[in-house]
1. Among the listed pairs K370/K474; K847/K962; K430/K610, give every one whose C-alpha distance is greater than 30 Å.
2. Diagonalise the Cα gyration tensor of the stretch 69-184 and give the resulting equivalent ellipsoid semi-axes, square root of 5 times each eigenvalue, largest first, whole Å.
3. How large is the Kirkwood hydrodynamic radius of the stretch 235-279, in angstrom, based on all distinct alpha carbon pairs?
4. Please compute the modelled spin-label separation between Y1181 and E927, points set 7 Å along Cα→Cβ, answer in nm with one decimal.
5. Averaged over all directions, how much area does the convex hull of the C-alpha atoms of the stretch 945-1057 cover when projected, in nm²?
6. Percent relative contact order of the stretch 172-316, based on C-alpha pairs within less than 8 angstrom and at least six residues apart?
7. With a 1.4 Å probe and all protein chains left in place, how much accessible area per residue does the stretch 326-381 have, in Å²?
8. Post the alpha-carbon centroid distance, the stretch 1029-1063 to the stretch 229-250, in whole angstrom.
Amino acid sequence: MKKFNIRKVLDGLTASSSSSSAAASPPSGSRENDMIQETLQSEHFQLCKTLRHGFPYQPSSMAFDPVQKILAIGTQNGALRLFGRAGVECYCQHESGSAVIQLEFLVNEGALVSALADDSIHLWNLRQKIPAILHSLKFNRERITFCHLPFQSKWLYVGTERGNIHIVNVESFTLSGYVIMWNKAIELSSKSHPGPVVHISDNPMDEGKLLIGFECGIVVLWDLKSKKADYRYNYDEAIHSVAWHHEGKQFVCSHSDGTLTTWNVRIPAKPAQIITPHGKQPKDGKKPEPCKPILKVEYKTTRVGEPFMILCGGLSYDTVGRRACLTVMHGKSTAVLEMDYSIVDFLTLCETPYPNDFQEPYAVVVLLEKDLVVIDLAQIGYPIFENPYPLSIHESPVTCCEYYADCPAEIIPALYSVGSKQKRQGFSKKEWPISGGNWGQGTLSFSEIIVTGHADGSIKFWDSSALMLQVLYKLKTAKVFEKPRSKEEKSTTDIVDEDPFAIQILSWCPESRVLCVAGVSAHVIVYRFSKQEVTTEEVQLLEVRMQCELNEVESPEGGGEQASAVSTPGTSSSPQTSLPQSHPSTSSNNSSDGLRDNVPCLKVRSSPLKQSPGYQVELLIQLVWVSGEPPQQITSLAVNSAYGLVAFGNGNGLAVVDYLQKTLLLNMSTAELYGSTDPHHRQPRSPRKARQPSAGFCDGNDASATPEERCKSPTSDCVVAVGSGSPCNSDEDSKHKFIDRVMSKSKRISKTVANDFAKISRKINMIADQKDERRVRRHCSLPIKKQQSCVKEMKRKHAASFRETSLCDLNARDNSFSRSRSSSVTSIDRESREVVSSLYFCDSLSKKSETLAVPSLWVGTSLGGMMAITLSVPSTPEQRMQQPVAVSFCGSVVRLKGGILRMAQLDASGTLLPHVYEPWYEPNAPEEEREPPRRRRPTSPPSSQENQDCQYIVVCSEKQAKVVALPSQNFIYEHNITEASFVLRADVVTMTSGVGLACFCANGHIMTLSLPSLRPLLDVNYLPLTDMRIARTFCFSNQGQAMYLTSPTEIQRITYSQETCDNLQEMLGELFTPVETPEAPNRGFFKGLFGGGAQSLDREDLFGEVTAGKASRSLAQHIPGPGGMEGMKGAASGVVGELARARIALDERGQKLGELEERTAAMMSSADSFSKHAHDIMLKYKDKKWYQL
């Protein structure tokens, strides 16, 4: 039973009643920080969205403006994405969130009509950089099923589920009184309802004739002037789509049985042709077998050659499992193009926007469920265009991402140079046909890179500079592993059922180009960047056995108070080429009872690995199974190129690996990292009898392996590992009493456990004073032989204390074990385990006695503890490769509420200290050409005088943030970020005006705090946490940039910088650009003479209020937007656009005036000529008699 602690309750009440503002520190610390002048103020912050990248999630409709060359895509959640040329993108959102069922452009007018599933239609103004809704119309009594907007018309036809057609004026967004009722369109003798309207289009050669398709299979040609049906065409199968021939004499219908029917307009009795493109034609002349429905068909003609008929669907029912196909029928040839995903919609791009001219199709845009494909119709084989948009973010599901703003400028060209060699071949040689819009005028002065990790183990680097997104390089981490060929060959050691190679955590140093990734299968891979191709015969592998007892962790008394920093002696390891086994019995894959042991989750590739230029494997680290227990997934990761170290932690503890020497330096549980400063009351868990052998985790040969030994680094045979605290009292009397009590208790222990004591006494090394600690550090830097002799000498010197400590420690374990033996708390144990949640490498003053900054590793845990570990890294490159890195522990430094999320370091002036790194060099260059590595330290290495702080450590947890002065370890500032919620992501960021702490909370608040005073500068309720995807992918970066994955396929970028918000309008691209509409096709002399050309219609006279009257007010509700059509025409879209439009208008006016002047001059010349001829005739016949004529 858990003890009730009244002190914790009082502490909780005290914390809740305290203010959440920054708390003052001790007077000495306050005086020091009063001198720090903070330049970051609240006016430097403002939050707004910038751009959304990626493929539109769950697309539902598509439209294309053939003059502006802009593509619009609507989605099922009411989003609207517009695409122009590469880098010109725009995102809009309908407030209702209903699915977009259809889109219609006002061609070359800078406007778009959207029809939604909630029976509303909206008019969007695209003449401004951020489109806005001008008008909305909500239908109340009928459901919208289809819309049609003729070219250069302001009247929109709206078909409904009841079979009626209403007409909307898109300028005023009002309904016309002209209505086509379904009962007047069909034959009077028909007794059944024709169903919803599925198609509306006007005859290309006669605007007064409207073709209406009903779902049941009836097609009606309606005369708008006479308000009656001219022809009715009946077919037994349901209709899905209709397409006209450009001459207006024929049209094609697609049906639900996979057939295409071609009808002559003037012969409604039967189809002129019936074909089943994918049906098997029986030899006896019978009707072919039915196929799947043809969802859409388009009929496009060419001036030279056969017409194109393009359709989707219609496959035979026996093609089970076949992928979606697009069929292109051109003359006698039929091409079936398989797609990777199901087809949502497709559009044929043509040379002319006029429907009554030869269409001349040149491309097909295919909107798939998860991709956008554009097919070139002009080249043999129908190749696809290379897509310039960043639509492949979701090629494999994104599992993690990081955002690096203000990164080195040379890293982007380096990644692009190696990534350009990965591009696929076989694309169309023509330019991307969707080329509308213009880029923005303003740009950002810094480089930005987004790195995404994916479920298939791939990593993508994206150039996100200047509000664009372009893939630079793709790395496949799964290449280092063997892939099972089938499910039967799947390894039984996998800890995840799907996506065993998925990336979980990324740690990247752009300056040194060192990349470290952690996967879900408890593996870590270190990569180094190289411009040369190499072949690795065998991947360098290091197996790590991380194991410790699951402990119940009780919160320490005085949870939020500072823990004293007591230095504990350090550990080190010798350089080894492979991981030695800490237990001789675990060399096999199974323990004595058949449990998996010392087996990694994934099998490493055995064949040579060809590594292309780019990121190449330096070291693979795998956690192994321990006596039937799978390894815990990695929760934190950090890499440092200057030290050559990588650190990672999980629920079992912390491991530090030297990736240069390929050795394991440290492998300890969190409790051991605390040493005597452990603030938690831990109790060993109940053992799992089904998984734990009778003799501990080992067989009879080495049954003495205690939990302490199993938690140690496997290289600890040459390590002097000491805990500074001991249950034994320094007083001799109490020590003897304690030993007597242990000896009496040990009589009840079995002989096997007694043998354990003897072996433990030979392995655990206890040092009592600081003098021995210094001796340990000297010992760790000696050669291996001298280290071994030193270990023997120290063992002899402290033999008595070794035995006492071992007995004391095991006595405590025995007591707790007997208390918890009867309870089953496995799930509780797992939840209460303390996890390493954050890691940070830096040069710091980790101990109170230090005056010079030394390499250190800061460790943060999920229970709010932060500990420091100092590292003794050899100074010269030669020594670095020959001598081991020594490790010593400084104990707990600070404690916070909630898990530690982020740690950073400031200098005495409050400036963020950059991380230590080694500049990049070519690792595969010859020895004589290779530059010696140069360790890059901060500009001014800090040093401390007596009783003077010169560093500040910033620590942020899920609940609060603290600033601690070093080396005194005094609290300077403290701020409770949230009480009711918790922080999901925190980053220390650099702005133009200073340094701040940015936080994103689970309640949707985005906050920024000044440093080091932790003053609140920004607090905006931006985005409530509705999906764990947001929590997993949200990240801040420098210069006020942030991002998150708003859907499985889209990245949303935001800014919290006032400067970026002010310049956003200039940086955004323009969708609408002034373009002159192409001339209408020439009718020709004979068509103009005999009336064979296109017939126009005065729709204003026909549908206007004067003729048609007013529509019923209850039919639809008009919702005005920010402005009418006048507002749309006059909306500012930038000075450049306005000047360009004015210039074109002036040119057009001047051209018309010039034409008028020419016509006037021609008429005057003709008149003069006529006058002259008339005068000559008059003179000729003036004096002649009538009989002389």
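1. K430/K610
2. Here the semi-axes work out to 25, 15, 12 Å.
3. Working: mean 1/r = 0.0930 Å⁻¹.
Across the stretch 235-279, the inverse of the average 1/r is 10.8 Å.
4. Reported label-point gap for E927 and Y1181 is 11.8 nm.
5. Average of the hull's projected areas for the stretch 945-1057 equals 7.5 nm².
6. Working: 327 pairs, mean separation 22.3, N = 145.
Averaging sequence separation for qualifying contacts and normalising by length gives 15 percent for the stretch 172-316.
7. On the way: 2250 Å² over 56 residues.
Ligands and nucleic acids excluded, the result is 40 Å² per residue.
8. The distance from the Cα centre of the stretch 1029-1063 to that of the stretch 229-250 comes to 50 Å.
The values are calculated or read from the model by the stated rules, or taken from the named source; none is laboratory data. These numbers were taken from a predicted model, which means no experiment stands behind them. Heads up, the Cβs are rebuilt from the backbone with ideal geometry, glycines too, and the neighbour counts pull from every protein chain shown. SASA here: full protein model, heavy atoms, side chains in, ligands and nucleic acids out. Shrake-Rupley method; radii C 1.70, N 1.55, O 1.52, S 1.80 Å.
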